[in-house]
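One structure is given below, encoded as structure tokens.
The values are calculated or read from the model by the stated rules, or taken from the named source; none is laboratory data. Quantities reported herein were computed from a predicted structural model and do not represent experimental measurements. Neighbour counts run over all protein chains shown; Cβ positions are idealised from the backbone, glycine included. Please note that ligands, DNA and RNA were not included when accessible areas were found on the heavy atoms of the full protein model with its side chains. Shrake-Rupley method; radii C 1.70, N 1.55, O 1.52, S 1.80 Å.
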Amino acid sequence: MTSTALDTRIALASAPGAEWWRSAVIYQIYPRSFADANGDGLGDLRGITSHLEDLKTLGVDAVWLSPFMTSPQKDAGYDVTDYCDVDPIFGTLADFDDMLAAAHERGIRVIVDLVPNHSSDQHVWFREALAAAPGSVARGRYLFREGKGEHGELPPNNWESVFGGPAWTRVREADGEPGQWYLHLFDSSQPDFDWTNPEVRAEFRRILRFWLDRGVDGFRVDVAHGLMKKPGLPDYFPDADGGSMGGDAADVPYWGQPAVHDIYREWHEVLAEYDGDRALCAEAWLPSIEQTALWVRPDEMNQAFNFAYLETKWDAAALRAVIDASLAAYAAVGAPSTWVLSNHDVVRHASRLALTAENPQGTGIGPNSPGKPIPEVGLRRARAATALMLGLPGSAYLYQGEELGLPEVINIPDDARQDPTWFRTDHERYGRDGCRVPIPWVADAPAYGFNDTGATWLPQPAEWADLARDVEAADEASTLSMYTTLLDERRERRLGAGSLEWLDSPAGVVAFRNGSVTVLANIGERPVAVPGGRLITSSGSLVDGLVPVDTTVWVETD
Ligand code: GLC
């Protein structure tokens, strides 16, 4: 599978001898919203293949695809029925192979999403479990328990679903009577596996090998902090401000249990059987960077998303602190830090960085949300934040559409919303649809070139004509042009494999050197001087020769 073109490109992108994932820029494709070749309103694998050349032009090293496996799509594919096949809405395994080969020909690596915490309730194992008796082998693959109360009418414990409501659902037994309960940390259509069961472990080693044999370069592992639950499944009494995915709360009996690490040690061994630096990236929301670093110890995974960075406010001191803490914590275990500002679960950073009210992860913004962002402020900050991030050593993740400066879509009609969060909270939380709207390719085309029929699974806003890729590609000052320049310079100057040296700077300014580049982000209240040297690029225009507020510059210092 591995082509010569791939090797050449990766050699350029990484420091000599270093694995590709230490410094790669990885672009997240959310397949249902990327490009739709068959015109049914949902993106697909052939749509991805048809736009790989655009990603090559953009200059990314790898793509991560959110799930495209067989699924009833109750949680946009994070509810899998067959881990080793492609859902017909996305295409076929042959389409996947074509896409993978086309990516590799262009020197782009491919990471797929693996969802091991839970399956769909339509998975054959869960159907078998429902049909089987309490205590059976089939029930033992999931977390079935007797209820509390005189007749078992109360859930086995008080855990709540991340999407709202109880984390337990009661089933009817063969005699038609209410019976046991099963655990689902997410939607009731997503039953949690019992990872203490060796059969579950063996099945996932098989699934890993299935995709590795096809030639994938690695896996993004969904809910990598959740697979093991505290023995005895004790009640949990969260702090009032504990984040739903566990990012802020300590000692949660279903997040970050020590036994989870054995699973990744097993997987590490599986990946080590293959050539080509295959990689595992953890989606693990944990209370501290130091804890997250435990997922990337030398015999476990390779990368973990840096959600602490993503959640940092637009504040110079806070950013400097989180960068320092990240570099130190990951270096202590021999891993690279990653950096990320947006994904399919959070408010897009072109909106988030200008929110004026608290908005915990998963809440989303809609017409009635407090503190809605001023779009111009959000975009200016987003561009500055990206230029800061892409100057950092390590690996960076981008989310499709951020290279166009897309904002969160706020005015999605209620009846178009699809995130289970919206339904499970009785419309109290808008959820994540606002960052998942199909992206615009061509201003003057049906569905902005997402397909040629005009159908889209979520409506696209009228203002997006100005943000379409063809418009931005023709404009040197566009966000797309800025990303292309930053990625090009980052690769040429090997910044991903570089190192960071802080520079003295006034309050409100983040300034550091990475190799030949000085990066300065002005997050303060007044314009500041451009560092000495040749200006490489700027996230916004200079004003009177100064770096204005909410602007980042890259300057060549050698
Ligand atoms: C992860 C995914 C999210 C999904 C959840 C349940 O957080 O990123 O989209 O809803 O897991 O699988």
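Computed 3J(HN,Hα) for the range 418-425, one whole-Hz value per residue from the Karplus formula 6.51 cos²θ - 1.76 cosθ + 1.60 where θ = phi - 60°, is 10, 4, x, 4, 4, 7, 6, 10, glycine and proline marked x.
Excluding Arg141 itself, calculate the net charge of residues whose Cβ lies under 9 Å from the Cβ of Arg141, where each Lys or Arg counts +1 and each Asp or Glu counts -1. Don't jump to the answer; show the numbers that get you there.
Numbers: positive: Arg139; negative: Glu128, Asp194, Glu199, Glu203.
Here the charged neighbours net out to -3.
Across the alpha-carbon atoms of the range 273-334, the computed radius of gyration and Dmax are 12.9, 44 angstrom.
When 1/r is averaged over all different Cα pairs and the result inverted, which Kirkwood radius in Å belongs to the chain?
Numbers: mean 1/r = 0.0415 Å⁻¹.
Over the chain, the inverse of the mean reciprocal pair distance is 24.1 Å.
Let me spell out the model: positive unit charges on the Cβ of Lys and Arg, negative unit charges on the Cβ of Asp and Glu, origin at the Cα centre of the chain. What dipole size does that give, in debye rounded to 20? Before the final figure, lay out each step's value.
Working: 47 positive and 83 negative charges, 179 e Å.
In debye, rounded to 20, the chain gives about 860.
Within the full protein context, the accessible area of Met99 is estimated at about 0 Å² for a probe radius of 1.4 Å. Once the Cβ-Cβ distance of Asp98 and Asp475 is raised to the sixth power relative to R0 = 41 Å, the FRET efficiency obtained is 0.80.
What's the longest piece of the chain with no exposed GluC sites (Glu not before Pro), counting a site as exposed if DSSP puts it in a loop and it has at most 15 other beta carbons within 10 Å? The partial results should precede the final answer.
On the way: sites that count: Glu146, Glu150, Glu153, Glu173, Glu273, Glu358, Glu428, Glu476, Glu525.
For GluC sites (Glu not before Pro) (loop position, at most 15 other Cβ atoms within 10 Å), the longest site-free span of the chain is 1-145.
Taking a temperature of 20 °C and a viscosity of 1.002 mPa s, what whole-number D in µm²/s does Stokes-Einstein yield for the range 34-181 with Rh from Kirkwood over alpha carbon pairs? Walk me through the numbers before you get to the answer.
Numbers: Rh = 17.9 Å.
D = 120 µm²/s.
DSSP assigns beta bridges within the chain; of those with both partners inside it, close to 55 percent run antiparallel. Take Asp299: with every protein chain present and a 1.4 Å probe, its accessible area is about 70 Å². Taking every protein chain into account, the 1.4 Å probe leaves Trp502 with about 50 Å² of accessible area, to the nearest ten. Take every pair of alpha-carbon atoms less than 8 Å apart whose residues are at least six positions apart; their mean separation over the length of the chain yields a relative contact order of 14 percent. Note on Glu290 and Phe210: their simple-model spin labels are 4.0 nm apart, each label 7 Å out from Cα toward Cβ. Here the simple spin-label model places points 7 Å from the Cα toward Cβ, and for Asp235 and Glu173 these points are separated by 2.6 nm.
Counting every alpha-carbon pair across the range 432-478, the share separated by more than 12 Å comes to 59%. Computed from label points 7 Å out along Cα-Cβ, the spacing between Asp488 and His427 is 4.9 nm. Converting the Cα gyration tensor eigenvalues of the range 21-84 into ellipsoid dimensions via √(5λ) gives semi-axes, longest first, of 23, 16, 8 Å. Could you tell me the relative contact order of the range 207-290? Use alpha-carbon pairs under 8 Å, at least six residues apart, and round to a whole percent. Relative CO of the range 207-290 lands at 47 percent.
Cα gyration tensor of the range 202-323, axes a ≥ b ≥ c as square roots of the eigenvalues: rounded (a/c below 1.5), prolate (a/b > b/c) or oblate? Oblate. Diffusion of the range 453-558 by Stokes-Einstein, at 37 °C in a medium of 0.692 mPa s and with Rh set to the Kirkwood radius over alpha-carbon pairs, works out to 210 µm²/s. With θ taken as phi - 60° and the Karplus curve 6.51 cos²θ - 1.76 cosθ + 1.60 applied, the whole-hertz 3J(HN,Hα) list for the range 343-355 is 7, 7, 10, 10, 4, 3, 5, 5, 10, 4, 6, 10, 5 Hz, x standing for glycine and proline. Between Arg526 and Ala445, the FRET efficiency from the beta-carbon distance, with R0 = 45 Å, is close to 0.55. For the range 233-291 versus the range 49-106, the spacing of their alpha-carbon centroids is 25 Å. How would you classify the range 382-456 from its alpha-carbon gyration tensor, with a ≥ b ≥ c the square roots of the eigenvalues: rounded for a/c under 1.5, else prolate if a/b is greater than b/c, otherwise oblate? Oblate, because a/c is 1.5 or more while a/b does not exceed b/c. Entry note, the range 480-558: relative contact order of 26 percent, from Cα contacts under 8 Å with a spacing of 6+ residues. Each of Ser188, Gly149, Val86 was placed along the dipole of the range 83-192 (beta-carbon charges, centred on the mean Cα), and the one lying farthest toward the positive end is Gly149.
Based on the mean of other Cβ atoms within 10 Å per residue, sort peptides 544-552, 431-439, 324-332 so the most packed one is first. Show your work: numbers first, answer last.
Working: 544-552: 18.6, 431-439: 25.6, 324-332: 17.0.
Put in order of decreasing packing, that is 431-439, 544-552, 324-332.
In nm, what is the difference between 0.36 nm times the number of residues separating Gln122 and Ser136 and their Cα-Cα distance? Could you put the intermediate results ahead of the total?
On the way: separation 14, 0.36 × 14 = 5.04 nm, distance 1.86 nm.
Using 0.36 nm per residue and subtracting the Cα-Cα distance, I get 3.2 nm.
Near Asp470: Cβ cut-off under 12 Å, other residues only, Lys/Arg at +1 and Asp/Glu at -1. The net charge is -4.
Please give me the summed charge of the neighbours of Leu500: other residues whose Cβ is under 13 Å from its Cβ, Lys and Arg +1, Asp and Glu -1.
Working: positive: Arg320, Arg513; negative: Asp324, Glu501.
Residues close to Leu500 contribute a combined charge of 0.
How large, in Å, is the range 50-92 by the Kirkwood hydrodynamic radius built from its alpha-carbon pairs?
Details: mean 1/r = 0.0853 Å⁻¹.
Final number for the Kirkwood radius of the range 50-92 is 11.7 Å.
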